[in-house]
Amino acid sequence: MDLSSIRKLITRYCTGEESWVDSRTVYIGHKVPPPGTEAYIPQRFPDNRIVSSKYTFWNFIPKNLFEQFRRIANFYFLIIFLVQLIIDTPTSPTTSGLPLFFVITVTAIKQGYEDWIRHKADNAINQCPVHIIQHGKVVRKQSQKLRVGDIVQVKENETFPCDLILLSTSREDGTCFVTTASLDGESSHKTYYAVQDTKAFNTAEEVDTLHATIECEQPQPDLYKPLGSENLLLRGATLKNTEYIHAVAIYTGMETKMALNYQSKSQKRSAVEKSMNAYLIVYLCILISKALINTVLKYAWQANPNRDEPWYNQKTETERQRHLIRAFTDFLAFMVLFNYIIPVSMYVTVEMQKFLGSYFILWDDDMFDEELGEGPLVNTSDLNEELGQVEYVFTDKTGTLTENNMELRECCVDGHVYVPHAICNGQILPGATGMDMIDSSPGVDGKEREELFFRALCLCHTVQVKEEETVDGIKRGIHQGKSTSFYISSSPDEVALVEGMKRQDAYCTYMHSHGPTIIYTLVLNFDSVRRRMSVIVRSSSGDYYLFCKGADSSVFPRVVSGKVEQVRARVEHNAVEGLRTLCVAYKKLTHEEYEETCHLLNRAKLALQDRDKKLAEAYDVIEKDFILLGATAVEDRLQDKAADTIESLHKAGMKVWVLTGDKMETAAATCYASKLFHRNTQILELTTKRTEEQSLHDVLFDLSRTVLRQLSGDYQDYGLIIDGATLSAVLKPTQDVTSNGGNYKEIFLEICRNCSAVLCCRMAPLQKAQIVKMIKASKERPITLAIGDGANDVSMILEAHVGIGIMGKEGRQAARNSDYAITKFKHLKKMLLVHGHYYYIRIAELVQYFFYKNVCFIFPQFLYQFFCGFSQQPLYDTAYLTLYNISFTSLPILLYSLMEQHINMDILKRDPTLYRDIAKNSLLRWPTFIYWTFLGVFDAVVFFFGAFFLFDNTTFTSNGQMFGNWTFGTLVFTVLVFTVTLKLALDTHYWTWINHFVIWGSLLFYVIFSLLWGGIIWPFLNYQRMYYVFMQMLSSGPAWLSIILLIIVSLLPDVVKKVLCRALWPTTTERIQV
C-alpha cells in the first residue's frame, strides 16, 4: 500500500486547512517516520491521567487556608485574633481563636473529604485496564500509561480511554455504534466509520504492520466541531453493538475533549446567603460604631484630671502625649471586646444545617421510583432554602412533561388513515398485530403507494436490533422472563415507527421475502439543519429508489407531486392533537443519476475546506423533486400527574414557561393537556409567521396594548407563544431606538409579566439559557428554576438559580450537571411545596435567631462600659465568651433548623397557596430583621438594668456580703442563656423527644458546666476569678427571683406581639395553625 496516500487520506478525514498551521503529527504505533518525509521532530504529549481533584497532599493546608480566608467573615475573625495577640486586649486570644479554629477545621475536613472522593474517582479511572497492540500482540496496561500514537483495542460495552481515530472494526463495512451519554446526554446509538484505507486491518498482527502518520489540529474543547467527526471517537463514549475496534490515540489525558470541556460549575448563592451577608455588613457597622463611641467617651471621661490614669502607673509625659496611637489601640481593644456580635459560628451551623438537611430529600420514600430503583439526588446542599423561593419554573417538554416513550398512533397514505391495533415502545410483545384503515379502501394506484410508503418506513431509518441490555439501570429486551430482541436508534421516533411496521403482517412478510435482495447503497444521515434523512436502495430488479423521511417543513417544499393538501391537513390535525409528525416521500433514480449522486457526495466528503457547507449543498441537490407518499403520527404521552403538578405550581404563585425544540402546534397541544394553557386562555402569538405579515415592532406593541388592557378592565388569562427565530430578533439590540420605541427586550418582558404561562418553541439549547438569564436579570430579580432531562437542557439548568435534572431516557448529563435530580416531573411538587417550604422557614429562623441572640449577648457588654469607666473590662468570663455560641446555644437552633414543621406536610401538599406566604424572601426582609434586632436590644437592656436596679444597694447573701462584678456578669449571662433558649422553645411548633432532650439538656449542660467551672480549682488556669461564684449566686433567694422575673419580662413583648398579630392580622399559615 502507498503509505503517502494513506497519510493524505487520513489527513483529509482528520483536519481542515485552517488548522494546518498549529497542528500535531502522530505516528501510528510509534513507528519511525517513513523515508522521504520531513525532518523528524519529536513532540511531547501528556500522559493519559485525568485530574479532577483540587488539592494534593502537599498543597492542601496552604491552599485550603488561603481559600477559606478569602471569605470576609473568616478574614475578619483572623484579624481580630491577631489583634488580641499583638496588643493588650480585655479578652484572651482564645475567645476568638478557638471558634475560628473550630470553623476552619470543620470546613477543611469537609472539603478535604470531598477532594479525597475526587482522588478516589480519578484513581479508579486512571488505573482501569486498557488493551494496546504492541509487537502484534494485545497487551494490558493501566489507562494512565497510554500515550499518543498507541494502537488501542476496545471491546463491546467498554468506554474509550482517550480520543481515538477509528482504524478498523469487527464489522465488514468498517462501522461501529457508539453511545455518547456521558458527553452530550444522548443514550441513542450513533454510527462511526473507520478510515477507508485502514478498515481492512482487522487483526492485531495486521494493525501492527500499519505504517502511517496522522497530522491533525491541536486539542480543542468544541465537541460539535471535531476533526473528522465520523472517525473521531471521544473519551467517555461507549462502544455498542460492535464486537471490537482498533483505533489510534491522538489526544490523551487533560487534552481530550471531555477533559477540556470539564469546568467547575459557577458558584450559586442563595437569596438567604445574600441576606446574611447584608446583615453581616450592618452588624459590622454597628460594631465599629460601638467601638468608636466607647473610644470617644473614654477620652471624654478621662479629660478630667481626677479620672485620668493614676500616678502609680508611672506613665511618662511622652507616653501621655501619644494620644493617636493610644486611641487607635483602644479602638482595636473595643473592637475585640464587642466582636462577638458578628456570629462566626453561624456559618458553621448554616453549613451543617444545609448538609444534614439535604438528607431529608434523599430519605423521602414518596420520591423514590420503583421502575428505576432510584430516589432523588442532591448534588449541592447550598441551595436547599432556594427551593422555597422559586418564582419562575422553566421546563423542557420532551422527557420532562412527557414520557419520551413514543407510540405510533396512525399512518396517512395519500389521505387514507391507518391506525394500528396496539403499539408498544421498547420491545416486541406478542398478540398485537395488523393495522386497520378507518376510511375507504385505496384503489390500484393507492395500493402501489401504500406498498412504497411502508417499504420506506421499513428501510429509511438507522435502527439496529439488540439483545438484552441494561440502560441506566433498567433491563431492556426482557419479556415474561425471556430474553427477546429490541430496537435501538438515535431517535425514539424511529423505534416507534419500525415497531409499528413489525406489527404490519403483510409488509413484514414482504420485507422478509424481499429483504435479502434489497441492498442499501447510500445513507444520508439526519441532521438538525436539514431535519430529514434519506436512503438510496437497490431492489432485486436493479431499480434505485431514494426514500426520504423528515419534518413537514423540510419535506413539503421539495415535493413535486402527490396528494399534498390531504396529507398536509392530516399533519396539521395531528400536530394540534399533540402528536409528533413526519412526512415520507420518494423518487426513482436512473443508474446515471445514482452514479452522479455518489460522485457528488464523495467529492463533498473529501473536501478539505468548507466540508459541511459542501455536504449541505450536495444534500440540497440530491433531495428534491420528491413524490409525497404520506405521513406518520407518533404520540409522546404526558407524564403521570404532570398536569396536577403544573396546576399546583400556578396556585403557589409560580409562573411556568415551557422551553422546547418541538414545533409550535405539537408543543401547544402538550401545554393544553398539561393545563399550562386552559380553554379560556387567550393565546398571544409572537412567531415568525406573524412577523412576516407585520414588523416585529408593530407586533410587540399590539401585544403590549392587549395585555395592558386588563389592568383597567376585566381580568383575562393570557398565554404567550414565541419561537426561536423571533426570540433572536427580540434579544438583538435595536439599531434605531428613537424611531422603534427603544429596546424590544423590555417590551417583551412586560408582555411576559402579564401572561400566566409562556411557551417557547423551536428553541436551541443556548436560547434556553438566554431566556433564563434574561428573566434573572429583570428588575424584579426573581428566583428561577430550570428542569430538564436531556443534554440540551444543561445550559439552562446551569444558568438558573436552581437546576433540577430528571433521570430520564436521554442519558444522565442533565442529572449530573444539576443541583438536584429527581426521577419524575411530578416529584417537583413535593420538592418545592414541602421540602422547599420547610427549608426556607427553618434557615430564616436560624439566621434571624443567631443575630438576635448575639445582640442579646454583646449589648450588655456595651452598657457595662458606661459603669466601668470605659476600661474595656469584660462583663462575662472568658469561658462564657468562648462557649456561648459553640456549646450553650448552638445545638437547639441547629435541631430546630433540621426538624421544625410549622404546618403538617399533607396540608402543604393540599394547599399550594401557602407557598405564597414565604415568597420573595418574606421572612428575611428588612422590617423583620429590624424587629429581631430591636427585640435583642430590648432583652439586653432588661438583662442588664434589671439586674442592676434590682440589686442596687441590696445584700444578696445571708451573711450580708455584696456580690462582685463577676457574679453580676454571671447573673446577666444566666438570664441571657435561659431567655434565648426559651424564646426558641416558644417558636417551636413541632415537638419531639429530641427537641425536649436538646432544649432542656442544653440548659442543664450550662448549669452543670458552671458548677464545675466554678467549683473546682483548675491547675492549668493562671487565675481563678470564677471560683465559687456560680454556687454563691444560686445560694441567694433574690438571685433566683430576679432570674425568673427577668426571663418573664424579656419574653413577654414577643408573646404579646404574636398574640395580637394572630388575632388582628393573621396570615394564611397562621389561620391553618390555629
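For Thr256, the conditions (1) polar (S, T, N, Q); (2) at pLDDT 80 or above; (3) surrounded by fewer than 18 Cβ atoms within 10 Å (Cβ to Cβ) all hold with the exception of (3).
Exactly one residue among Leu65, Leu82 is surrounded by 14 or more Cβ atoms within 10 Å (Cβ to Cβ) and of a type in the set (A, V, I, L, M), and that residue is Leu65. For region 758-772, the criterion of a residue being open to solvent by 10 Å² or more (accessible area, probe 1.4 Å), more than 21 Å from the chain's Cα centre (by Cα) and modelled with pLDDT under 85 is satisfied by at least one position.
Residue-by-condition table, conditions (1) open to solvent by less than 10 Å² (accessible area, probe 1.4 Å); (2) modelled with pLDDT under 90:
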site	(1), (2)
Ala844	yes, no
Asn854	yes, no
Pro860	yes, no
Gln873	no, yes
Ala879	no, yes
Tyr884	yes, yes
Met899	no, no
Arg916	no, yes
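A Cβ distance below 6 Å, combined with a sequence gap of six or more or placement on separate chains, defines the contacts here; from region 604-626, residues that are among the hydroxyl-bearing types (Ser, Thr, Tyr) and modelled with pLDDT of 90 or more reach no residue that is open to solvent by 80 Å² or more (accessible area, probe 1.4 Å) and not in a helix (DSSP H, G or I). Here Asn525 passes the criteria (1) out of contact with any Pro (no Cβ under 9 Å at 6 or more places or on another chain); (2) surrounded by fewer than 21 Cβ atoms within 10 Å (Cβ to Cβ); (3) modelled with pLDDT under 60 except the one numbered (3). Selection of region 358-409 for residues being of a type in the set (Val, Ile, Thr) and in a loop (DSSP other than H, G, I, E, B) yields Thr380, Val390, Thr398, Thr400.
Look at Gly550 and say whether it is under 47 Å from the mean Cα position of the chain (by Cα), modelled with pLDDT of 85 or more and not hydrophobic (A, V, I, L, M, F, W, C). It is true that Gly550 is under 47 Å from the mean Cα position of the chain (by Cα), modelled with pLDDT of 85 or more and not hydrophobic (A, V, I, L, M, F, W, C). Taken together, the residues in region 611-622 that are open to solvent by 40 Å² or more (accessible area, probe 1.4 Å) and either under 30 Å from Glu499 (Cα atoms) or among the charged types (D, E, K, R) (or both) amount to 6.
Taking Met796 as the residue in question, decide whether it is at pLDDT 85 or above and crowded, with 18+ Cβ neighbours inside 10 Å. Against the criterion (at pLDDT 85 or above and crowded, with 18+ Cβ neighbours inside 10 Å), Met796 qualifies. Helices (runs of 4 or more DSSP H) fully within region 57-135 that include at least 1 residues being in contact with a Lys or Arg (Cβ under 9 Å, 6 or more places away or on another chain) and over 30 Å from Phe870 (Cα atoms): 60-68, 94-126. In region 858-949, counting only helices (runs of 4 or more DSSP H) that sit wholly within it, none holds 3 or more residues that are among the basic types (Lys, Arg) and over 43 Å from the mean Cα position of the chain (by Cα). Taken over region 126-174, the criterion of being without any contact (Cβ under 8 Å) to a residue 40 or more places away in the chain and either out of contact with any Leu (no Cβ under 9 Å at 6 or more places or on another chain) or buried (at least 23 other Cβ atoms within 10 Å of the Cβ) (or both) is satisfied by Gln127, Cys128, Pro129, Val130, His131, Val139, Arg140, Lys141, Gln142, Glu172, Asp173. Residue count for region 623-654 under the criterion of being open to solvent by 20 Å² or more (accessible area, probe 1.4 Å), within 24 Å of Ile775 (Cα to Cα) and part of a loop (DSSP other than H, G, I, E, B): the result is 1.
Within region 1031-1060, which residues are more than 49 Å from the chain's Cα centre (by Cα), surrounded by 13 or more Cβ atoms within 10 Å (Cβ to Cβ) and of a type outside the set (A, V, I, L, M, F, W, C)? Within region 1031-1060, Gln1032, Ser1035, Ser1036, Pro1038, Ser1042 qualify. In region 331-381, the residue that is nearest to Leu280 (Cα to Cα) out of those that are open to solvent by 30 Å² or more (accessible area, probe 1.4 Å) and among the acidic types (Asp, Glu) is Glu351. Quick check on Asp527: is it within 39 Å of the chain's Cα centre (by Cα) and over 21 Å from Arg455 (Cα atoms)? Yes; evaluated as a whole, the condition is true for this residue.
Of the residues that make up region 733-744, is at least one surrounded by fewer than 15 Cβ atoms within 10 Å (Cβ to Cβ), part of a helix (DSSP H, G or I), within 35 Å of the chain's Cα centre (by Cα) and at pLDDT 75 or above? No, there is no match, as no residue in region 733-744 is surrounded by fewer than 15 Cβ atoms within 10 Å (Cβ to Cβ), part of a helix (DSSP H, G or I), within 35 Å of the chain's Cα centre (by Cα) and at pLDDT 75 or above. Applying the set (1) farther than 27 Å from Asp366 by Cβ; (2) crowded, with 20+ Cβ neighbours inside 10 Å; (3) at pLDDT 80 or above to Glu385 leaves exactly one unmet item: (1).
Annotation note: Cβ proximity below 9 Å between a residue of region 804-830 that is modelled with pLDDT under 80 and crowded, with 24+ Cβ neighbours inside 10 Å and a residue that is of a type in the set (Val, Ile, Thr) and assigned to a helix (DSSP H, G or I) (sequence gap 6+ or interchain) occurs for Gln813/Val794; Ala814/Val794; Ala814/Ile797.
Given the condition farther than 27 Å from Gln767 by Cβ, open to solvent by 10 Å² or more (accessible area, probe 1.4 Å) and assigned to a helix (DSSP H, G or I), answer yes or no: does some residue in region 655-671 qualify? Looking through region 655-671, none of the residues is farther than 27 Å from Gln767 by Cβ, open to solvent by 10 Å² or more (accessible area, probe 1.4 Å) and assigned to a helix (DSSP H, G or I). Of the residues screened, Asp88 is not one that is open to solvent by less than 50 Å² (accessible area, probe 1.4 Å), at negative phi, of a type in the set (D, E, K, R) and in contact with a Ser or Thr (Cβ under 9 Å, 6 or more places away or on another chain).
In region 871-892, the residues that are more than 13 Å from Thr94 (Cα to Cα) form Cβ pairs under 9 Å with partners that are basic (Lys, Arg), at six or more places apart or across chains, as follows: Ser871/Lys298; Gln872/Lys298; Tyr884/Lys853; Asn885/Lys853; Thr889/Lys853. Within the set Ile721, Ile683, the sole residue that is modelled with pLDDT of 80 or more and crowded, with 19+ Cβ neighbours inside 10 Å turns out to be Ile721.
The values are calculated or read from the model by the stated rules, or taken from the named source; none is laboratory data. Given the structure is predicted, the values throughout are model-derived calculations rather than measurements. Virtual Cβ from ideal backbone geometry, glycine too; neighbours counted across all protein chains shown. Heavy atoms of the whole protein, side chains included, go into the accessibility calculation; ligands, DNA and RNA do not. Shrake-Rupley method; radii C 1.70, N 1.55, O 1.52, S 1.80 Å.
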